[in-house]
Amino acid sequence: MNLILLAPPGGGKGTQSSLIYNDFGIHRISTGDLLRKHKEQRTKIGKEARKYMDAGELVPDYILTEILKTELIKEKYKSGFLLDGYPRTLAQAIELESLTENINSKIDLVIILDVPAEELLNRLGARRICKICERVYNLKFHPPDNPNKCNEPCGGKLYQRDDDKPETIINRLKIYESKTRELLEYYSKMPVTQTLDGTGKVQRVYDRVKDLIEKVRQDD
Ligand code: AP5
């Protein structure tokens with residue numbers, strides 16, 4: 001099954017994707033993670049993307065197309081993939097149609113997670129991530145035992161993402177509102193799209209997501 005998880009920054013895409021992977025084995029393609037890796041490794045793409053990411057702006061579409069083209073043909077996605085953070089613009093959604101067609105594939109389900117802006121602000125400012133195992137915490141909603149250290153055996157140092165600083169968060173949310181609205185309209189007309197309430201405890205949200213995936217799998 002091929003899925004798109006569409007939600008604003010802090011909407012829970014990463015959190016829900018890893019729960020989906022645990023239950024359904026669907027591999028996640030996070031364009032944010034792929035871009036951060038390029039940034040860290042100082043590749044040509046990383047150097048170009050850095051200025052946009054650090055300001056909370058969208059990275060140009062041609063860079064995303066290049067990344068997706070390389071990623072989607074990997075063997076592990078033959079049994080299904082979950083897109084987290086892509087598409088984000090109408091142009092990307094149209095590009096995705098031809099990218100999936102090229103690999104004889106299609107999108108089976110688009111899940112839109114609906115979360116109000118004030119909750120997103122609360123979540124993003126309090127997000128911390130383990131440097132070693134990349135487990136994601138939230139100092140307000142599900143804190144680690146020690147605010148600087150991962151609970152897992154790795155005991156890794158926790159860090160805050162560069163774009164989770166207050167000014168950048170506000171810009172990311174504005175960009176989402178302005179650039180993604182037409183994308184939501186585009187997908188909401190498609191029969192494969194379902195909107196879910198993305199608020200409440202992580203497990204409550206996941207129960208809704210899981211029910212939906214199971215239903216779509218049964219109908220197939
Ligand atoms: P990306 O990494 O995709 O960031 P984002 O879309 O801003 O999303 P986040 O990763 O911040 O949030 P999330 O929805 O995954 O939430 P999470 O589960 O972590 O993109 C980063 C940047 O890369 C972009 O700004 C852009 O520059 C560039 N980029 C990426 N893709 C692009 C594209 N397609 N086109 C152009 N540019 C692109 O949860 C957040 C926090 O909330 C965590 O602390 C978590 O523990 C907590 N939390 C989660 N669920 C709940 C819950 N139910 N209750 C309480 N807390 C919760």
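The values are calculated or read from the model by the stated rules, or taken from the named source; none is laboratory data. Remember, predicted model here, so these are calculated numbers, not experimental data. In this analysis, Cβ positions are derived from the backbone assuming ideal geometry, glycine residues included, and neighbour counts consider all displayed protein chains.
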Tell me, yes or no, whether region 145-163 has at least one residue that is assigned to a loop (DSSP other than H, G, I, E, B), within 11 Å of the ligand (Cβ to nearest atom), surrounded by 14 or more Cβ atoms within 10 Å (Cβ to Cβ) and of a type in the set (S, T, N, Q).
yes
Has region 79-97 got at least one residue that is part of a helix (DSSP H, G or I), among the β-branched types (Val, Ile, Thr) and under 18 Å from residue 192 (Cβ atoms)?
yes
Looking only at region 56-74, decide whether some residue is touching a strand residue (DSSP E or B) at 6+ places or on another chain (Cβ under 9 Å), away from the ligand (no atom under 13 Å from the Cβ) and assigned to a helix (DSSP H, G or I).
yes
Any residue at all in region 175-198 that's more than 14 Å from the ligand (Cβ to nearest atom), loosely packed, with under 15 Cβ neighbours inside 10 Å and assigned to a strand (DSSP E or B)?
yes
Residues being assigned to a helix (DSSP H, G or I), free of Cβ contacts under 8 Å to residues at least 60 places away in the same chain and touching a strand residue (DSSP E or B) at 6+ places or on another chain (Cβ under 9 Å) - total across region 19-32:
2
Are there any pairs, at least 6 apart or on different chains, whose C-beta atoms fall under 7 Å, with the first in region 54-66 and closer than 12 Å to residue 34 by Cα and modelled with pLDDT under 95 and the second within 7 Å of the ligand (Cβ to nearest atom) and among the basic types (Lys, Arg), and if so, which?
none
